[in-house]
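The values are calculated or read from the model by the stated rules, or taken from the named source; none is laboratory data. What you see is a predicted model, and the numbers here were worked out from it, not measured in a lab. So basically every Cβ, Gly included, is an ideal-geometry build from the backbone, and we count neighbours across all protein chains shown.
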Amino acid sequence: MGILARLVAVFLVALAAITAPATAQNLFETVATVDDRQINRFQVEQRARFFALLRAPNADFEGARDVLIDESLQVDAARRAGIEVTPEALDEAMVEFAARANLTPDQFVQALEANGVSPETFRDFIRNGLYWRQLVQGRFGPRARPNEAEIERALAQGNSATGIRVLLSEIAIPLTPENQDEVTALARQLSQNLSGQDAFQRAARQYSRAPSAQRGGRLDWLPLSQLAPPIAAQVLALGPGQVTEPINLGSFIGIYLLRDLDEGQLAVPDTLSIDYAEYRIPGGRSEEALSQAARIRERIDTCDDLYGIAKGQPEGTLLREVRAVGELPDDLRQSLATLDPDETTTLLSGNGVLRLVMLCGRVTEQPEGAFEQIGQQLLNQRLVSYAQGYLEELRADAVIEIR
C-alpha cells in the first residue's frame, strides 16, 4: 500500500480546502456499462471527489469513470475465481488506511462526510483493491517470485538491471490547498506549450521552486532508478527534447524535459538508502516560514549543523533518518534525487509546516536485510507487470459502453 501511504499523507491538508457542490443532473443515470454491470453518475462523482480530497490522479469525471470501469472488471474477475473479501479483512484494511493519517476509520469517514463523500465510496475503494490484490497474488504470485540467483544478480547490479541514466531539466511547482487548481492549470499549459530547451529554461526560472531553478531547471545525470516511479515511467517514453505530462507528487507538480538518455552501464553503484534531515517550520508556504528557512540555510553547512538550530525547539521539529530509497514517498524521493550532499530544498510542505529538507548522504553498500528487500521489490515489479497485462486482457474481452 505504498501509493496509499503517500495519498493519505496529504489527505488532511487537502481536506480543509476542498468543497464541491452537488450536481443538478440525474445522479443515478447510467454513465457506463461493463458487460451487464452499470456505473452511475453518483458513483463517478463520489469517486472523483474522494480522489480530489486525496489529491490523487483521476480526480476528474472521466478519470474516475475509467478507474471504476477497471475496478468493475477486476472485481468480477476475482469473484469468478472464487475470491471473497471477508468483513474482517475489509475492516482491517480500512483501519490500516485511516491509521496512516493518525485517524480511526470512524474519524476518517466523518471527515469524508463533512466534505460530501459517502462512507460507501471509501468502503468500495478499499474493498475493490482487496479483491484485485488477492486475485493478482493468487494468480501470478508463484511465477513472479524471484529465486535466490535472480536476487543475488540484482544485488550485484545495484538493483538497476537497465543501467539507464537520464539527463533532465525540471520545473517543480509547490502545491497547497489554496493554489491547487491554479497550479494544475498552469502545469498543464506549460506541458502542452513548452517547446525546446530555451523555452523550458525560461519557464523554470520563472515558475520552478526547486534548487535547480536558477540553472534553468537543468539537472546532472541521474540513474533512472533514483527517480520517483511516476516520473521514471514517463521519462522512458520520451525522446530528447520532449516534455512529460504534469506529474502530481502530492507536495508539488513536476514537469520534466529529457535532454539525453544513456543506456550504458552505470559508473557507480545504485543508491539503496538515503541519509537526510528535515527541519519543520510552522506556517506552511507563508512568507514568514520561507524567510525563516532562508535564515537557517545561511547558518548551516552540513546536516549536523541542524542539531544546533533545533536545540530548544519542540519535539519533532528536526527529523534525521536513513531510509531505503524504495520506502520514501514519491515527492520526498524525487526532491532528494536532485540534491547534492549538504544541499537543501524548501519545495515540500504540508500539514501547516514548511519542510526544509537537506541531503546528508547516499548509502550504496548493502544494508542489513537487503536480500529480502530486493526480493520483495522484484516480486512487486513483476506482479505489477502481470496485473497490467491481465487487466488489458479483461478490457479486450469485455463489452464496455460509455454513455
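List the number of the failed condition for residue 93; all other conditions in (1) touching a residue at least 60 places away in the same chain (Cβ under 8 Å); (2) touching a Gly at 6+ places or on another chain (Cβ under 8 Å); (3) in a helix (DSSP H, G or I) hold.
(1)
Could we say that residue 212 is outside the structural domain of residue 318 (by TED's automatic domain parsing), touching a helix residue (DSSP H, G or I) at 6+ places or on another chain (Cβ under 8 Å) and under 24 Å from residue 302 (Cα atoms) here?
Values: outside the structural domain of residue 318 (by TED's automatic domain parsing): yes; touching a helix residue (DSSP H, G or I) at 6+ places or on another chain (Cβ under 8 Å): yes; under 24 Å from residue 302 (Cα atoms): yes.
For residue 212, the condition - outside the structural domain of residue 318 (by TED's automatic domain parsing), touching a helix residue (DSSP H, G or I) at 6+ places or on another chain (Cβ under 8 Å) and under 24 Å from residue 302 (Cα atoms) - is met.
Would you point out the residue of region 227-237, among those that are surrounded by 21 or more Cβ atoms within 10 Å (Cβ to Cβ) and out of contact with any strand residue (DSSP E or B) (no Cβ under 7 Å at 6 or more places or on another chain), that is nearest to residue 329 (Cα to Cα)? Quick ask: steps written out before the conclusion?
Filtering region 227-237 for residues surrounded by 21 or more Cβ atoms within 10 Å (Cβ to Cβ) gives 227-228, 231, 235.
Checking the rest, the ones that are also out of contact with any strand residue (DSSP E or B) (no Cβ under 7 Å at 6 or more places or on another chain) come to 227-228.
Values: 227: 11, 228: 8 Å.
Filtering region 227-237 for residues that are surrounded by 21 or more Cβ atoms within 10 Å (Cβ to Cβ) and out of contact with any strand residue (DSSP E or B) (no Cβ under 7 Å at 6 or more places or on another chain), the one nearest to residue 329 (Cα to Cα) comes out as 228.
In this structure, does residue 124 turn out to be of a type in the set (D, E, K, R), at pLDDT 95 or above and surrounded by 13 or more Cβ atoms within 10 Å (Cβ to Cβ)? Full working, then the answer.
Numbers: of a type in the set (D, E, K, R): yes; at pLDDT 95 or above: yes; surrounded by 13 or more Cβ atoms within 10 Å (Cβ to Cβ): yes.
For residue 124, the condition - of a type in the set (D, E, K, R), at pLDDT 95 or above and surrounded by 13 or more Cβ atoms within 10 Å (Cβ to Cβ) - is met.
Filter region 352-403 for residues that are of a type in the set (Phe, Trp, Tyr) and more than 30 Å from residue 275 (Cβ to Cβ); which is modelled with the highest pLDDT?
From region 352-403, those of a type in the set (Phe, Trp, Tyr) are 371, 386, 390; that's our starting set.
This time we only want the ones that are more than 30 Å from residue 275 (Cβ to Cβ), so: 386, 390.
Details: 386: 89, 390: 93.
Selected residue: 390.
Among the listed residues 154, 172, 78, which satisfies the condition of being closer than 30 Å to residue 262 by Cβ and either modelled with pLDDT under 90 or assigned to a helix (DSSP H, G or I) (or both)?
Working: 172 fails: either modelled with pLDDT under 90 or assigned to a helix (DSSP H, G or I) (or both); 78 fails: closer than 30 Å to residue 262 by Cβ.
None of the others qualify; the one that does is 154.
Pick from 64, 101: which is crowded, with 16+ Cβ neighbours inside 10 Å, closer than 25 Å to residue 331 by Cβ and touching a residue at least 60 places away in the same chain (Cβ under 8 Å)? Talk me through it step by step, then tell me what you get.
Numbers: 64 fails: touching a residue at least 60 places away in the same chain (Cβ under 8 Å).
Residue meeting the stated conditions: 101.
Please indicate, with yes or no, whether at least one residue in region 318-338 is surrounded by fewer than 19 Cβ atoms within 10 Å (Cβ to Cβ) and assigned to a loop (DSSP other than H, G, I, E, B).
Taking every residue of region 318-338 in turn, none turns out to be surrounded by fewer than 19 Cβ atoms within 10 Å (Cβ to Cβ) and assigned to a loop (DSSP other than H, G, I, E, B).
Kindly indicate whether any position in region 263-281 is surrounded by fewer than 21 Cβ atoms within 10 Å (Cβ to Cβ), within 24 Å of residue 171 (Cβ to Cβ) and among the acidic types (Asp, Glu).
yes
Could you identify the single residue in 233, 237 that is assigned to a loop (DSSP other than H, G, I, E, B) and modelled with pLDDT under 90? Break it down stepwise before answering.
Numbers: 233 fails: assigned to a loop (DSSP other than H, G, I, E, B).
Within the list 233, 237, the selection yields 237.
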